[in-house]
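This report concerns only the one structure given below.
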Amino acid sequence: MLKPKKKISKKEMKEDKLVTTYFEATSWYENNKKIVNGVFTGLIIVAVLIVVVTNNMRSNNEKATTELGKVLRYYDEGKYDIAISGDLQENIRGLQSIVDDYGSTKSGELAKLYLANAYYAKNNYDKALQYYSDSSIKDDMLSASASAGVAACYEAKGEYEKAAVYYEKAAFKNGKDVLAAENLHHAAYNYSAAGKKEKAVELYKKLKKDYPTSTYAREIDRLIAEASS
């Protein structure tokens, strides 16, 4: 007589499934050991590289901050040649050197703006344009200043429509900036100089509406009339 089959409990089924899964996983690992270890090692290397790069960036930013603090007194005094090239006797690095070595750091990006300003002050508009355009700053006010710098370079080179576009960008990047009305005025002026009269009138009217108490709004009706004629 056949004995009735023993009924397997849910617990035993779960345990059996776990054992099966374990042996399947072990077998898979043995067959793919090289790949798994390679991936794991790769992840460790990536993690180490991230830590090293982060620490290096932090260290470079601190160096850039220190060097920038030393050279800015020459910039403030209008000694732009020294500000750009530095002073070897005083062991002071110039803005150009700071940007070349640490331009990708936060302080290096700020140095880039000062360097662009210094070149602009020396009427080297191509160099100034290069560094204004290359700057990448998250701060809205400084970013607007960079755009205004690009605009000023194009205006000095007689490329009025390009100047107008960048002045407009500067005005709208930070509408609450005290220079927003000034940038809007310059944008309208340059559009007018480029023959874009309707666009100039549009911006003059916006200036009148959004910044009615600014100094640039005082003669806005005359400017609108001139641009409309």
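The values are calculated or read from the model by the stated rules, or taken from the named source; none is laboratory data. For clarity, every value in this text was computed on a predicted model and none was experimentally measured. For neighbour counting, all protein chains shown are included, and Cβ atoms are generated from backbone atoms with ideal geometry for every residue, glycine included.
Before moving on, here are some points about what is shown:
- Residues in segment 149-178 that are modelled with pLDDT of 95 or more and among the hydrophobic types (A, V, I, L, M, F, W, C) were compared, and the one that is surrounded by the fewest Cβ atoms within 10 Å (Cβ to Cβ) is A156.
Matching residues to (1) under 17 Å from the mean Cα position of the chain (by Cα); (2) in a helix (DSSP H, G or I); (3) of a type in the set (S, T, N, Q):
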position: V99; (1), (2), (3): yes, yes, no
position: A111; (1), (2), (3): yes, yes, no
position: K127; (1), (2), (3): no, yes, no
position: N190; (1), (2), (3): no, yes, yes
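- Considering A111, A116, the condition of being farther than 22 Å from V178 by Cα, out of contact with any Pro (no Cβ under 8 Å at 6 or more places or on another chain) and not assigned by TED's automatic domain parsing to the domain that holds E182 is satisfied by A111 alone.
- Those residues of segment 113-125 which are surrounded by fewer than 16 Cβ atoms within 10 Å (Cβ to Cβ) and part of a helix (DSSP H, G or I), in sequence order: A121
- Test result for L129, within 17 Å of K70 (Cα to Cα) and either modelled with pLDDT of 95 or more or aliphatic (A, V, I, L, M) (or both): no
- Scanning segment 66-97 for residues that are among the β-branched types (V, I, T) and within 13 Å of Y114 (Cβ to Cβ) gives V71, I82, I84.
- Candidates Y132, Y204, Y154, filtered to the one that is within 28 Å of K112 (Cα to Cα), assigned to a helix (DSSP H, G or I) and without any contact (Cβ under 8 Å) to a residue 24 or more places away in the chain: Y132
- Sole residue being within 25 Å of L184 (Cα to Cα), surrounded by 18 or more Cβ atoms within 10 Å (Cβ to Cβ) and of a type in the set (S, T, N, Q), chosen from S133, S145, S107: S145
- Here L142 meets each of (1) farther than 21 Å from L179 by Cβ; (2) modelled with pLDDT under 90; (3) of a type in the set (A, V, I, L, M) with one exception, condition (1).
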